[in-house]
Every structure is written in C-alpha cells, then in structure tokens.
C-alpha cells in the first residue's frame with residue numbers, strides 16, 4: 001500500500017517523476033536552500049540522488065517524503081515525510097516553498113506522518129534534524145511537541161551528510177510500540 005494523506009489544504013502523495021520541476025525550483029532557490037546547502041543550488045546529480053533515496057525508502061518502508069499538492073490549484077509546494085536515518089531513528093522532515101511560509105503548512109503536512117508512524121508503523125519515537133540557525137523549523141518542531149535533545153554532527157544521523165552541527169529534536173509517540181504488538 002502506498003501512502004496518500006488528505007489535510008484541509010493539501011493532498012500528500014508519493015513523489016512522481018513529473019514532480020521534478022517542483023524539486024528543481026526548490027533546490028535551485030538560494031533562500032530555500034540557505035539551511036540545507038548554505039544557499040547553494042543543487043546539481044542535477046544531487047537532485048537525482050534525493051529522488052532515488054525517496055523512491056528506495058518508499059519501496060523499503062511504504063512511506064517516504066511525499067509531494068505536498070495544494071487542493072485548490074494542484075501545485076506541488078513542497079515535500080514532507082519520513083526517512084530512516086543511519087542510526088535507525090525515523091526522521092520527520094518538511095520543506096515548504098517560500099511563498100507559503102508562515103501559513104501553518106509545515107505542521108499540517110507532517111501531522112498525518114506522525115499518526116502513520118505511531119498507528120501503522122508502531123514507532124514510539126520520531127526525530128528531526130534541523131540546521132541550528134533555522135529558527136522557523138525549530139519552532140515547527142517545538143509546536144509539534146518535539147524536544148531539543150542537543151547539538152550533533154549531521155553526519156551522526158546520516159553518513160552522506162556534511163560534518164556540520166545540527167539541532168537534534170525528538171518526540172515520543174504514545175502508544176507506538178504497543179500498538180504494533
């Protein structure tokens with residue numbers, strides 16, 4: 001079964017090859033990438049690597065980062081979802097196109113993934129890996145009930161990440177492990 005979630009304003013579904021233009025737009029924008037690659041646009045190879053990782057994660061876990069499609073226009077305005085880190089933890093993540101910042105879409109987009117992680121996957125914990133200076137994403141994590149656990153090297157979470165400090169957040173999912181048994 002492949003995931004599909006509907007929220008008040010969004011349809012969330014797996015990425016398709018036809019969504020590449022939205023990913024190119026986001027990863028090519030310096031403001032969007034300031035906390036992900038120091039404002040540097042991504043190469044085609046890096047975009048392909050992310051798309052391949054999303055596809056592989058979906059095949060392995062039946063969940064991944066998905067496209068955030070607006071109900072009213074069909075426009076893909078970001079991505080959100082889950083990915084397993086090298087540590088075994090599942091990371092909750094979100095990217096929202098800058099024209100939609102400050103509208104509550106990050107929180108709206110990840111809530112179905114939190115419920116899925118707890119109710120369907122039986123997870124009892126989720127984490128978030130956030131650039132230390134990204135105060136907006138840190139506020140999102142805190143509004144979701146995540147707790148700051150400290151600074152880590154991004155490489156501690158995934159070997160392919162650069163060795164730079166990140167803010168590491170976590171949340172406990174009540175009923176997660178028990179629900180899966």
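Laboratory data are not the source of any read-out in this text; all were calculated from the coordinates shown. Model, not experiment: these values are computed from the prediction. In this analysis, Cβ positions are derived from the backbone assuming ideal geometry, glycine residues included, and neighbour counts consider all displayed protein chains.
Computed values, structure above
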{"quantity": "Beta bridges by DSSP in segment 5-180, antiparallel share as percent, to the nearest 5", "calculated": "95 percent"}
{"quantity": "Diffusion constant of segment 1-142 at 4 °C, which comes from Stokes-Einstein with the Kirkwood Cα-pair radius and 1.567 mPa s, µm²/s", "calculated": "84 µm²/s"}
{"quantity": "Cα centroid separation - segment 1-41 against segment 85-103, whole Å", "calculated": "10 Å"}
{"quantity": "Pairwise FRET efficiency - residue 53 versus residue 163, Cβ, R0 = 22 Å, nearest 0.05", "calculated": "0.70"}
{"quantity": "Estimated D of segment 8-59 in µm² per second, where Rh is the Kirkwood radius over Cα pairs and Stokes-Einstein applies at 4 °C, 1.567 mPa s", "calculated": "108 µm²/s"}
{"quantity": "Near-label residues of segment 99-125 by backbone N, under 19 Å of a point 7 Å along Cα→Cβ of residue 62", "calculated": "112-125"}
{"quantity": "Förster-model FRET efficiency, 25 Å R0, residue 143 and residue 84, C-beta, rounded to 0.05", "calculated": "0.55"}
{"quantity": "Over the chain, relative contact order from alpha-carbon pairs under 8 Å, at least 6 apart, %", "calculated": "18 percent"}
